[in-house]
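Note sheet for the following structure.
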C-alpha cells in the first residue's frame, strides 16, 4: 500500500497554546473519557461531529476551543481520549534531543486507538442517534485515518481533516462520503506530491472533495498555529470556518448567522 501521509514527526509537537475557556464537559462513553461540547438545543434533528484529535489529545485547549466553536453553531461535538490520559505533552519534558514521536510515541498509541475507537463509536451512536441524526467526522494529524475510516461507511454524512498523518492509498480508494482536505503548503507528513496522489485517487473514483491549501503556514496550522501571526491566525480561523460550512452544506443546515471563532 502506497503512503499518502507519513506518520507524525517532530513538526507535530510544535505548538502555540491559544487563550480562552473551554465550555464543554468530560464524560465517560464506553469507558473512555470524552470531551462533549453541546449546542444550545439538541432535538431529534441533530448533527453530531465525531472529533479525532492530534497527538495532543482532545483535552488540549486549542482543540476544545474549536470544538466549542462548532457546538456554538449548532453541532454536538464528541471527542474520545484514545490516548487514555497519556498524550504527547506528557512526554515532552522527559525526553532527550534524540526523541522522535514517529518512533517512540505513535505506533503503540495508534494500535491502542484502533482498539478503543470502534466500541466508542458504537456507544456514541447508541446514545445519541435518532432517525434524523446526521453524523460528521473531523480529525487532525493522528486523527485523519479515523476520519477516512468513518467516511468509508454509509451512515456518515461527510468528513474533513486538517494536515493529516498516517494515511495509505486505500483510505482514499474506500471513500464513500464527501471529504474536505484542509492543508498547509509546507507539511512534512502531507507534502505536495502526496496531496496530488490523494487527489488523483479521488478523481479516479469520482469522489466528492474539496482541497484548500494555505500558504505561509506549516503542519499543525489549523490547531496549533501562532495566533499572534496575522497570516497563521487567518488560516486557522478560515480552516475551522470552512469545515463548518462544509458540514452545513452536506447536513442541510438551516441558514443562520455564524458564531465566530
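Just so it is clear, none of the values below were taken in a lab; they were calculated from the coordinates. Since the model is a prediction, treat every value here as computed from it, not as a measurement. Because the Cβ atoms are built from the backbone with ideal geometry, glycine has one as well, and the counts that use them run over all protein chains shown.
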*By what distance, in whole Å, do the Cα atoms of region 1-87 stretch along each of the three principal axes, largest value first?*
42, 35, 25
_Helix-only mean residue ellipticity at 222 nm for the chain, each DSSP H run of n ≥ 4 adding -39500 (n - 2.57), per residue, nearest 500_ = -10500 deg cm²/dmol
*Over the chain, relative contact order from alpha-carbon pairs under 8 Å, at least 6 apart, %*: 23 percent
*Please give the FRET efficiency for residue 211 paired with residue 114, using the beta carbon to beta carbon distance and R0 = 25 Å, rounded to the nearest 0.05.*
0.45
*Extent along principal axes [Cα atoms of region 3-251; Å; largest to smallest]*: 51, 42, 38
*Residue order, fewest to most beta carbons within 10 Å, for 121, 213*: 213, 121
*asked:* Using Cβ counts within 10 Å as a stand-in for footprinting exposure, how do 243, 111 rank, fewest first?
replied: 111, 243
*asked:* Please arrange 140, 209, 75 by how many other C-beta atoms lie within 10 Å of their C-beta, fewest to most.
replied: 209, 75, 140
